[in-house]
Each structure stands twice: as structure tokens, then as C-alpha cells.
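This report refers to the structure that appears directly beneath it.
The values are calculated or read from the model by the stated rules, or taken from the named source; none is laboratory data. Please read all numbers here as calculations on a predicted model, not as lab measurements. Methodologically, a virtual Cβ is constructed for each residue, glycine included, from the backbone with ideal geometry; neighbour enumeration extends over all protein chains shown. Remember, those area values only see protein heavy atoms, side chains included, never the ligands or the DNA or RNA. Shrake-Rupley method; radii C 1.70, N 1.55, O 1.52, S 1.80 Å.
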Amino acid sequence: QLQASGGGLVQTGGSLRLSCADSGRTFSDYAVGWFRQAPGKEREFAAAISRSGDTMHYADSVKGRFSIFRDNQKSTVYLQMNSLKPEDTAVYYCAVTYASILRTNVRSEYSYWGQGTKVTVSS
């Protein structure tokens, strides 16, 4: 079971850290991704991290502002979001996949999804 948390309301330029905690599986067997869905839009890829945590993959829209990292001992992945913009407003979902890091931007590669946490960036 995946539990996403850490969302909230923040001003433009602010920061938030999202967490995705897993239970019930061997966490280190999976790559983990973050996707986001803004109102009226398709769910889109934001960031992903490999099983070991040594390789990350970012969407161009968040590159340089977001960082993803994981703690396999705690079965948790984090998404550090800095320099937030109003266009980052969305519900953020974490998900796990057996896919290689090169395929982690593909939504259909993911097997299990968390419930989402809402991020609102005010202008």
C-alpha cells in the first residue's frame, strides 16, 4: 500500500517535500515515480528513481527544481520541490514499477498507485 503525504498550500517560489511510504512489498524491488494531475488535464510524469536510488529521471518541466530520493530502509521515496510555480498546482501521485528507469515516464508501466496528495501554489 502506497501512502503519499506532504502536500499543501505554498506561495510561488516556495518549497514542499512530498513523501511516499510503502508497505506490504519489498520496496527495493521497484522503481518509484511521481506523477501529477492538474484540474482538467491528463496525469503527467514528474520524476522517478531507480530501485537502488542511483539513477533519477525528471520531466523537463521540473528539472532543476525538483529532486527525488529514496530511503529503502524506511520504504519511502521523497520529492523535494523547490522554486514552485502556479503551474505546479496538481494532485501528486506516487506509484511503483518493475520497469527500467528509461521507461519510468510511461504511466502504463506502473502497477500500484498511491491515493494522491494535493499541492496548491498561489501566485
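Observations
- Across the range 79-94, the qualifying residues are those that are among the hydroxyl-bearing types (Ser, Thr, Tyr) and farther than 24 Å from ASP29 by Cβ, and the one among them that is least open to solvent (accessible area, probe 1.4 Å) is THR89.
- Pairs, first small (Gly, Ala, Ser) in the range 98-115, second open to solvent by 70 Å² or more (accessible area, probe 1.4 Å), C-beta under 9 Å, six or more apart: SER111/TYR98; GLY114/GLN1; GLY114/GLN3
- Some residue of the range 95-108 being open to solvent by less than 50 Å² (accessible area, probe 1.4 Å), assigned to a strand (DSSP E or B) and not β-branched (Val, Ile, Thr): yes
- Qualifying residue in the range 58-78 (condition: touching a helix residue (DSSP H, G or I) at 6+ places or on another chain (Cβ under 7 Å) and either crowded, with 20+ Cβ neighbours inside 10 Å or charged (D, E, K, R) (or both)): no
- The range 64-80 residues that are among the β-branched types (Val, Ile, Thr) and assigned to a strand (DSSP E or B), paired with ones that are at pLDDT 95 or above and surrounded by fewer than 19 Cβ atoms within 10 Å (Cβ to Cβ) (beta carbon under 6 Å, 6 or more apart): ILE68/MET56; THR76/SER19; THR76/ALA21
- Within the range 16-36, residues that are closer than 15 Å to SER75 by Cβ have Cβ atoms under 8 Å from residues that are open to solvent by 20 Å² or more (accessible area, probe 1.4 Å) and assigned to a helix (DSSP H, G or I) in these pairs: ALA31/ILE101, counting only partners at least 6 apart in sequence or on another chain.
- Any chance ASP54 is of a type in the set (Asp, Glu), open to solvent by 30 Å² or more (accessible area, probe 1.4 Å) and in contact (Cβ under 8 Å) with a residue 24 or more places away in the chain: no
- Residue in the range 1-35 that is most open to solvent (accessible area, probe 1.4 Å), counting only those that are of a type in the set (Val, Ile, Thr) and closer than 19 Å to PRO86 by Cβ: THR12
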